[in-house]
Ligand SMILES: *Cc1c(COP(=O)(O)O)cnc(C)c1O
């Protein structure tokens, strides 16, 4: 299917999820995850109107960034090794995988501006998933205050690839609850106004539970 048609279908489902929960579709950002696809397919996504792109590996990120630069807003959604920060941090608009102090420290050292970051949380507790345990998040965010180039704009999670809607909703609800808890603290460095959750499999549910950023690969460009 061409990307424009896929995008229309996704936007339709997003509108429905927003209607179900009295939310405004304008508050939802679709991040087109291009990690599986070519430069050509990525170009098609940009031409269809996808302005936010996500990559989870540095090679892919660099390749797409070099091709399209100012035509997109660049989200890095995979694990970032500290020693690689210096190579890419200037190009990243939003990092979705802040999960350790050593990474915050390195970003602070290398970035020449404030970097908008989501703190990655392992809500499901799967050992294969990266991210902080939910009960570590508040202290972690407090620590981040020491690093003025890091701004915590929200929380991110990856739900397991399952069909069980109740289980998925429960994971998204936990992240929403944690977000409210962090917002209550009114940290200047951590406004935490966004939630990055929901992928091809579960983005409608995620939006109904409060997602502001959905990361969609397969259903959009796959
Ligand atoms: C690959 C990936 C996605 C997109 O997954 P799809 O199921 O293809 O939509 C979203 N988030 C992260 C972190 C990913 O690595």
Complete set of residues in segment 189-201 that are within 14 Å of residue 96 (Cα to Cα), within 13 Å of the ligand (Cβ to nearest atom) and surrounded by fewer than 22 Cβ atoms within 10 Å (Cβ to Cβ): 199
Residues of segment 109-129 satisfying the condition of being part of a loop (DSSP other than H, G, I, E, B), surrounded by 14 or more Cβ atoms within 10 Å (Cβ to Cβ) and within 16 Å of the ligand (Cβ to nearest atom): 122, 123, 124, 129
Checklist (1) within 16 Å of the ligand (Cβ to nearest atom); (2) surrounded by fewer than 19 Cβ atoms within 10 Å (Cβ to Cβ) applied to residue 169, failing item: (1)
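Among strands (runs of 3 or more DSSP E) lying entirely in segment 150-218, which contain 3 or more residues that are within 25 Å of residue 12 (Cβ to Cβ)?
Counting at least 3 such residues, we get 194-196, 213-216.
Within segment 210-222, can you find the residues that are surrounded by fewer than 23 Cβ atoms within 10 Å (Cβ to Cβ) and either touching a helix residue (DSSP H, G or I) at 6+ places or on another chain (Cβ under 9 Å) or within 21 Å of residue 95 (Cβ to Cβ) (or both)? Let's see the steps before the verdict.
So the first thing to find is which residues in segment 210-222 are surrounded by fewer than 23 Cβ atoms within 10 Å (Cβ to Cβ), and the list is 210, 212, 217-219, 222.
Listed by number, the residues that qualify are 210, 212, 217, 219, 222.
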Checking residue 13 against (1) touching a residue at least 60 places away in the same chain (Cβ under 8 Å); (2) touching a strand residue (DSSP E or B) at 6+ places or on another chain (Cβ under 6 Å), the condition it does not meet: (2)
Failed item, numbered, when residue 154 is tested on (1) farther than 19 Å from residue 100 by Cα; (2) within 16 Å of the ligand (Cβ to nearest atom): (1)
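For segment 130-150, give me the residue count where each residue is more than 16 Å from the ligand (Cβ to nearest atom) and in contact with a helix residue (DSSP H, G or I) (Cβ under 9 Å, 6 or more places away or on another chain). It would help to see each step written out before you state the result.
So in segment 130-150, the residues more than 16 Å from the ligand (Cβ to nearest atom) come out as 133-150.
Then keep just the ones that are in contact with a helix residue (DSSP H, G or I) (Cβ under 9 Å, 6 or more places away or on another chain); that gives 134, 137-138, 140-141, 143-144, 146-150.
The total comes to 12.
For segment 147-174, what are the residues that are within 21 Å of residue 93 (Cα to Cα) and either without any contact (Cβ under 8 Å) to a residue 40 or more places away in the chain or within 19 Å of the chain's Cα centre (by Cα) (or both)? Walk me through it before giving the result.
Keep residues of segment 147-174 that are within 21 Å of residue 93 (Cα to Cα), which gives 147-158.
Hits for segment 147-174 are 149, 150, 151, 152, 153, 154, 155, 156, 157, 158.
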Matching entry among 204, 183, 174 (being more than 17 Å from residue 54 (Cα to Cα), at pLDDT 95 or above and within 16 Å of the ligand (Cβ to nearest atom)): 204
Condition check for residue 162: within 16 Å of the ligand (Cβ to nearest atom) and loosely packed, with under 14 Cβ neighbours inside 10 Å: yes
Cβ-Cβ under 7 Å pairs, at least 6 apart or on other chains, segment 112-132 side under 12 Å from residue 156 (Cβ atoms), far side part of a strand (DSSP E or B) and at pLDDT below 90: none
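The values are calculated or read from the model by the stated rules, or taken from the named source; none is laboratory data. Predicted model, so just to flag it, every value in this text is computed and none were measured. Reconstructed Cβ throughout: ideal geometry from the backbone, glycine too, with neighbour counts over all protein chains shown.
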